[in-house]
Each structure stands twice: as C-alpha cells, then as structure tokens.
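Here is the structure we will look at.
The values are calculated or read from the model by the stated rules, or taken from the named source; none is laboratory data. Not measured: the values here are computed from a predicted model. Neighbour counts are summed over all protein chains in view; Cβ atoms, including those assigned to glycine, are modelled from backbone coordinates with ideal geometry. Please note that ligands, DNA and RNA were not included when accessible areas were found on the heavy atoms of the full protein model with its side chains. Shrake-Rupley method; radii C 1.70, N 1.55, O 1.52, S 1.80 Å.
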Amino acid sequence: MKARPPTFEKFRDVQAELERSGAAIFHSPTGEDSLVIRYPYSIQYIHSYAEDSPFFLGLADGKLKGSKCTKKSCGFVYGTPRSHCMVCGSPTGWIDLPTTGRLHSWTTCHFGSEAFLKETPYNLALVEFEGVGSLLLVRLKDATESQCYVGMPVEARFDPNPKYSITDVWFVPRR
Ligand SMILES: [Zn+2]
C-alpha cells in the first residue's frame, strides 16, 4: 500500500510539500485532516468587449479612445469607455483622447497578480488629460517611485504587438 502523504500543521509547510510531491495532508487546529493536492489548471476564456470594442481596437492603432456625452448642455468627457453619461444619463460618443497627460496620482506595487509579478515593482497611475473630466488607470513605466510626482507630464506608449488588453498601453514620463 502506498504511504499516505505527509501531514503538516502549518499551511506553508503544506505548500512546500505540494511544490515537492503534489500531495500533503493539512492537520487543522480543529483536528481534521484534509488531503490537499496540486495539479495544473488552465482555461481558455472567451470574452466579448461588446460596446467597449472600439477602445481596445484603438489601442492597437496607437489611439486612446474616450467618451463624450452627446447631450449638448452636458458634454461631459470621460477618459475611459463609457456607454452612458454618469452626470445626465444620456448616451455618449467616442472621441480621441490626447496621448499626453499628467500624473494625477500613483501607487507603486511591490506585489501583483500573476501577469504582473515579473514587472514588480511597477507603478499604477491615474492619468489626467486636458479637458477630460475623468481619469485613466494605467501602468507608468520608466519612472521609479521616488521620480514620480503629482502633475508630472506623461505620454502614452503602445504595444506594437497588441494583445487587445489594457496592457497594450502604458505611460512614460514625457521628456
Ligand atoms: Zn451628460
């Protein structure tokens, strides 16, 4: 009979064993033994951008698309896709945003989701554009945490091999 996987009381020890052999038993403080296993898992995810599609197609063309309220007396301009105006509820239309702006705020991430781990530390920035009433959340590259400041001029860069994702655009300090 095959031996039982080893038993641990600390989950970090369970994780180490899972890395090593793929199976471990976690002995919980309540006295229960749970068999924990590790195996590969992947999915193909099909996602429709639907009405946001022009934004992602625009990134592939090196353009930033925003939205503008179609009601003349409102005309609120958004730095992101938005189908309807949050001020008056009217439909919006697409506009081209400037590819230059200013750093409104930022956070430097020393940890991130799997897709961004290899980039850490990286900056997540809120970029403001002249004449635009809302901000764009985007990565800011080529600037360390201490080089960033509120109001710093920044400009967009676009991935020449677009993946149709928000990661197709990032900003860098404007030189
Ligand atoms: Zn409006």
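Here is how the numbers come out for the structure above:
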| item | result |
| --- | --- |
| Positive dipole terminus of the chain, leading residue within Leu136, Pro29, Leu97 (C-beta point charges) | Leu97 |
| Label-point separation, Ser165 to Ile43 (7 Å along Cα→Cβ), nm | 1.6 nm |
| Subset of Lys68/Lys118; Lys65/Lys118; Lys63/Lys141 violating a 30 Å alpha-carbon distance limit | Lys68/Lys118 |
| Unit charges on C-beta of K, R, D, E only; dipole of the stretch 1-48, Debye | 160 debye |
| Net charge contributed by nearby residues that have their C-beta within less than 11 Å of Gly101 (K/R +1, D/E -1) | -1 |
| Residue with peak Gaussian network fluctuation, the chain [Cα springs, cutoff 10 Å], from Ser53, Ser42, Ser28 | Ser28 |
| Descending Cα extents along the principal axes, the chain, whole Å | 77, 38, 35 |
| Scattering curve values for the stretch 2-57, log₁₀ I(q)/I(0), Debye with Cα scatterers, q = 0.14, 0.23, 0.30 Å⁻¹ | -0.52, -0.88, -1.13 |
| Whichever lysines have a C-alpha closer than 25 Å to that of Lys2, once near sequence neighbours (fewer than 8 apart) are set aside | Lys10 |
| Top of Leu64, Leu140, Leu35 by mean-square fluctuation, Gaussian network on the chain, Cα under 10 Å | Leu35 |
| Electrostatic dipole magnitude of the chain [Cβ: Lys, Arg +1; Asp, Glu -1; Cα centre; debye, to 20] | 340 debye |
| Helix 11-20 axis, angle to the chain major axis (alpha carbon atoms, nearest 10°) | 80 degrees |
| Accessible surface ranking that places the most exposed of Ser113, Ser134, Ser146, Ser83 first, with a 1.4 angstrom probe | Ser146, Ser113, Ser83, Ser134 |
